[in-house]
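Peer 1: Sharing a structure here in structure tokens format.
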Amino acid sequence: MIGSHQQGGEVELAREVEAIQIPSGDTFSLPAGTKVIITQSLGGTYTVATDQGLARISDKDSDALGVEETRTAQPATEKVNAGGDISDADYEAAVWEQLKTVFDPEIPVNIVDLGLVYDCSISGDGDARSAAVKMTLTAPGCGMGPTIAADAQGKIMTVSGIADAKVELVWDPPWTQDMISEEGKMKLGMI
């Protein structure tokens, strides 16, 4: 998991980067020299304010922001990736751990604590395990849905032994704020 970084300060992009417009989900380029303000830096992605509105920049372009990645421990993922005697429960714990590193670019709470992940299951064995996740969004029309789902899929695929990951966006039951975990509500100042 990537930790938080300098937020609120203006940064000049050291090189051109590909970004995703928020909330439309459209991809566009930000040229070198563009001044941005980092508004959120969680889960390896960066939400930046630009003169074109909010945009999301991926971790592969963190160097253009002048940001160094810092990793926090992920014990379940590290156990699975180390190999040895790994149970199905270990794989499931690692997948949940990875899902907790996925963030909506406008909300500083991971998708698990937001209550957006409805189901996670692991099937198969050996190096042919598959993960199936059902998740929703805070609003059905959010253009960032495919981006968030792809981010979740990519994070799941970092778990050794997971050969396939499917992340399905579902709308039933509809998401409500009651689905946010206690930890998520604390981060959002709701309690």
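Peer 1: Quick check on residue 147: is it in contact with a strand residue (DSSP E or B) (Cβ under 8 Å, 6 or more places away or on another chain), polar (S, T, N, Q) and within 22 Å of residue 44 (Cα to Cα)?
Peer 2: Spelling it out, residue 147 is indeed in contact with a strand residue (DSSP E or B) (Cβ under 8 Å, 6 or more places away or on another chain), polar (S, T, N, Q) and within 22 Å of residue 44 (Cα to Cα).
Peer 1: Check region 85-103 and report whether any residue there is more than 16 Å from residue 166 (Cα to Cα) and in contact with a Leu (Cβ under 7 Å, 6 or more places away or on another chain).
Peer 2: There is at least one residue in region 85-103 that is more than 16 Å from residue 166 (Cα to Cα) and in contact with a Leu (Cβ under 7 Å, 6 or more places away or on another chain).
Peer 1: Can you tell me which residue is nearest to residue 186 (Cα to Cα) among those in region 107-121 that are assigned to a strand (DSSP E or B) and in contact (Cβ under 8 Å) with a residue 40 or more places away in the chain? Before you say what the answer is, go through the steps one by one.
Peer 2: Restricting attention to region 107-121, the residues satisfying the condition of being assigned to a strand (DSSP E or B) are 110, 117-121.
Remaining after also requiring in contact (Cβ under 8 Å) with a residue 40 or more places away in the chain: 110, 118.
Working: 110: 13, 118: 21 Å.
Out of the qualifying residues, it is 110.
Peer 1: Before we move on, is residue 132 in a strand (DSSP E or B), at pLDDT 95 or above, over 15 Å from the mean Cα position of the chain (by Cα) and aliphatic (A, V, I, L, M)?
Peer 2: Spelling it out, residue 132 is indeed in a strand (DSSP E or B), at pLDDT 95 or above, over 15 Å from the mean Cα position of the chain (by Cα) and aliphatic (A, V, I, L, M).
Peer 1: Can you name the number of the only condition in (1) modelled with pLDDT of 90 or more; (2) within 20 Å of the chain's Cα centre (by Cα) that residue 59 fails?
Peer 2: Failing condition for residue 59: (1).
Peer 1: May I ask you to verify whether residue 51 is at pLDDT 90 or above, out of contact with any strand residue (DSSP E or B) (no Cβ under 7 Å at 6 or more places or on another chain), closer than 22 Å to residue 144 by Cβ and not assigned by TED's automatic domain parsing to the domain that holds residue 147?
Peer 2: Numbers: at pLDDT 90 or above: yes; out of contact with any strand residue (DSSP E or B) (no Cβ under 7 Å at 6 or more places or on another chain): yes; closer than 22 Å to residue 144 by Cβ: yes; not assigned by TED's automatic domain parsing to the domain that holds residue 147: yes.
Here the answer is yes, as residue 51 does meet what is asked.
Peer 1: Would you please list the contacts, defined by Cβ atoms under 7 Å and residues six or more apart or on different chains, that run from a residue in region 136-161 that is outside the structural domain of residue 124 (by TED's automatic domain parsing) and buried (at least 17 other Cβ atoms within 10 Å of the Cβ) to a residue that is among the aliphatic types (A, V, I, L, M) and modelled with pLDDT of 95 or more?
Peer 2: No pair meets every condition.
Peer 1: On to the next question. Any residue in region 78-94 that is among the hydrophobic types (A, V, I, L, M, F, W, C), surrounded by 11 or more Cβ atoms within 10 Å (Cβ to Cβ) and in contact with a strand residue (DSSP E or B) (Cβ under 7 Å, 6 or more places away or on another chain)?
Peer 2: If we filter region 78-94 for residues that are among the hydrophobic types (A, V, I, L, M, F, W, C), which is where we start, we get 80, 82, 86, 89, 93-94.
Narrowing further to those that are surrounded by 11 or more Cβ atoms within 10 Å (Cβ to Cβ): 80, 86, 93-94.
Among the residues that remain, those that are also in contact with a strand residue (DSSP E or B) (Cβ under 7 Å, 6 or more places away or on another chain) are: none.
No, region 78-94 contains no residue that is among the hydrophobic types (A, V, I, L, M, F, W, C), surrounded by 11 or more Cβ atoms within 10 Å (Cβ to Cβ) and in contact with a strand residue (DSSP E or B) (Cβ under 7 Å, 6 or more places away or on another chain).
Peer 1: Now for a separate question. Quick check on this structure: which one of 172, 125 is in a loop (DSSP other than H, G, I, E, B), loosely packed, with under 13 Cβ neighbours inside 10 Å and modelled with pLDDT of 90 or more?
Peer 2: 172
The values are calculated or read from the model by the stated rules, or taken from the named source; none is laboratory data. This is a predicted model, so every value here is computed, not measured. Cβ coordinates were reconstructed from backbone atoms using ideal geometry, including for glycine residues, and neighbour counts include every protein chain displayed.
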